[in-house]
Amino acid sequence: MSLQIRYFGDPILKEMGQKVETFDEQLSKLSSDMLDLMHRSEGIGLAAQQVGIALQFCVMEVPEHPDYPITCILDDKPLTPSLIMPISMANPIVSALPSDEYYYEEGCLSFPGINADVARPERIRVTYQDLDGIEHTLECDGLLARCIQHEVDHLNGILFIDRMEKRTYAEIKKEVQVLKKQTIGEKKSK
Ligand SMILES: [Zn+2]
């Protein structure tokens, strides 16, 4: 069965992911299937919950923009972000590094067409396991740090609307409610 994106209103998006314990062919297959779906949907990140699986697992492919360089240090080695893309993370844990929070307009494949500002720290450290179960530490900033924080939130059942300021959410509330109704309606009719 091919994977499908789950939209807001689907209760799986609120679920905490289970820890990845087995690093096998099945996980690699999930990773490549999720990346395929993410690319087809023109997203830069996708969490397991967004394809209906409550697991601590996400994939990302963050583009580099010449005007907004990304600093990236993997296991104490500085490198060009494109060298680690696409990236699959199992059991990621994020901590903020000393830096300012800034607002950036985020979107989410589970909220098609809905974008709004969210404040997040500029620099982070994330520890995670790769598809072979090997542990890594990545320090980064910019769009990559932004994307990792958004995806890791998904793995803990937290959505970008949960991070928005009240007045920002008020601006998109109607669209979000329409989406939720639609999602619930489609589930019932199946
Ligand atoms: Zn999202």
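The values are calculated or read from the model by the stated rules, or taken from the named source; none is laboratory data. These figures come from a predicted structure and were not determined experimentally. Reconstructed Cβ throughout: ideal geometry from the backbone, glycine too, with neighbour counts over all protein chains shown.
What strands (runs of 3 or more DSSP E) completely inside the range 80-179 contain at least 1 residues that are touching a residue at least 60 places away in the same chain (Cβ under 8 Å)?
Numbers: elements: 87-96, 101-106, 116-121, 124-129, 135-140.
Here the list reads 87-96, 124-129, 135-140.
Do you know which of the residues in the range 53-79 that are within 14 Å of the ligand (Cβ to nearest atom) and of a type in the set (Val, Ile, Thr) is surrounded by the fewest Cβ atoms within 10 Å (Cβ to Cβ)?
For the range 53-79, the residue satisfying everything is VAL62.
Can you tell me which residue within the range 25-55, out of those that are within 10 Å of the chain's Cα centre (by Cα) and not in a helix (DSSP H, G or I), is nearest to ILE158 (Cα to Cα)?
Here is the first cut: in the range 25-55, the ones within 10 Å of the chain's Cα centre (by Cα) are 43-50.
Add one more test, that the residue is not in a helix (DSSP H, G or I), and what stays is 43-47.
On the way: GLY43: 18, ILE44: 18, GLY45: 15, LEU46: 14, ALA47: 11 Å.
Per the criteria, the residue is ALA47.
For the range 127-155, give me the residue count where each residue is within 16 Å of the ligand (Cβ to nearest atom) and over 30 Å from GLN182 (Cα atoms).
From the range 127-155, those within 16 Å of the ligand (Cβ to nearest atom) are 143-155; that's our starting set.
If we keep only those that are over 30 Å from GLN182 (Cα atoms) too, we end up with 143-145.
So the answer is 3.
Can you pull out the residues in the range 87-118 that are away from the ligand (no atom under 16 Å from the Cβ), surrounded by fewer than 18 Cβ atoms within 10 Å (Cβ to Cβ) and not charged (D, E, K, R)?
ILE93, SER95, ALA96, LEU97, PRO98, SER99, TYR102, TYR103
Check the range 37-52 and report whether any residue there is under 27 Å from GLU122 (Cα atoms), at pLDDT 95 or above, small (Gly, Ala, Ser) and more than 15 Å from the ligand (Cβ to nearest atom).
No, there is no match, as no residue in the range 37-52 is under 27 Å from GLU122 (Cα atoms), at pLDDT 95 or above, small (Gly, Ala, Ser) and more than 15 Å from the ligand (Cβ to nearest atom).
Confirm whether ILE124 is β-branched (Val, Ile, Thr) and either surrounded by fewer than 18 Cβ atoms within 10 Å (Cβ to Cβ) or more than 30 Å from LYS19 (Cβ to Cβ) (or both). Spell out how you get there, then give the answer.
Details: β-branched (Val, Ile, Thr): yes; either surrounded by fewer than 18 Cβ atoms within 10 Å (Cβ to Cβ) or more than 30 Å from LYS19 (Cβ to Cβ) (or both): no.
Taking the combined requirement at face value, the residue does not satisfy it.
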